[in-house]
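This report refers to the structure that appears directly beneath it.
The values are calculated or read from the model by the stated rules, or taken from the named source; none is laboratory data. Treat the numbers as computed from the prediction; the structure is a model and nothing was measured. Using ideal geometry, Cβ is built from the backbone for each residue, glycine included, and neighbour counts are taken over all protein chains shown. Surface areas here come from the heavy atoms of the whole protein model, side chains and all, with no ligands, DNA or RNA. Shrake-Rupley method; radii C 1.70, N 1.55, O 1.52, S 1.80 Å.
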Amino acid sequence: MANPKNRHSKTRKRLRRTHWKLVLPNMSTCPQCHEPKLPHRICAHCGFYDGRKVLEVKAAE
Ligand SMILES: [Zn+2]
C-alpha cells in the first residue's frame with residue numbers, strides 16, 4: 001500500500017490548502033422579479049420559468 005515516506009511540513013500542507021476555497025454558484029437574475037436565481041431553474045422567489053408561472057410559491061412572511 002502507498003505510504004508516505006516523509007512527513008510534509010506545516011508550510012507545505014498550508015500551501016496546498018491555499019487552493020481550497022469556497023466558490024459562489026453562478027447566478028442569473030429573474031426577468032420577472034429581478035431576484036438572483038440559478039440559470040435554467042425555476043425562480044424560487046416568484047415561481048416563473050420561461051415567462052410563465054409553473055410553481056405556486058408561498059409568501060415568506
Ligand atoms: Zn422571479
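Please report the net charge: other residues with Cβ closer than 12 Å to the Cβ of residue 25, K and R +1, D and E -1.
Local net charge: +2.
Name the residues whose placed amide hydrogens come within less than 5 Å of the amide hydrogen of residue 30, ignoring near sequence neighbours (fewer than 5 apart) on the same chain.
35, 37
If you stretched the chain out fully between residue 16 and residue 2, how much longer would it get, using 0.36 nm times the residue separation minus the C-alpha to C-alpha distance? Can you show the working numbers first?
Details: separation 14, 0.36 × 14 = 5.04 nm, distance 1.97 nm.
That pair, residue 16 and residue 2, stretches by 3.1 nm at full extension.
Multiply the residue separation of residue 57 and residue 9 by 0.36 nm, subtract the distance between their alpha-carbon atoms, and state the gained length in nm to one decimal.
Between residue 57 and residue 9, full extension yields 12.0 nm more.
Residue by residue through the stretch 22-39, which ³J(HN,Hα) values in whole Hz follow from phi under the Karplus form 6.51 cos²θ - 1.76 cosθ + 1.60 (θ = phi - 60°), with glycine and proline marked x?
6, 10, 7, x, 5, 10, 10, 9, 6, x, 7, 10, 6, 8, x, 9, 6, x
May I ask for log10 I(q)/I(0) of the chain at q = 0.19, 0.29 Å⁻¹, from a Debye sum over the Cα atoms as equal point scatterers with solvent left out?
These q points yield log10 I(q)/I(0) values of -0.76, -1.17.
Using a 1.4 Å probe over the heavy atoms of the protein chains, calculate the carbon and sulfur portion of the accessible area of the chain as a whole percent.
Here it works out to 56 percent.
If we sort 49-57, 28-36, 13-21, 1-9 on the protection proxy, mean other Cβ atoms within 10 Å, highest first, what's the order?
Highest mean packing first, the order is 28-36, 49-57, 13-21, 1-9.
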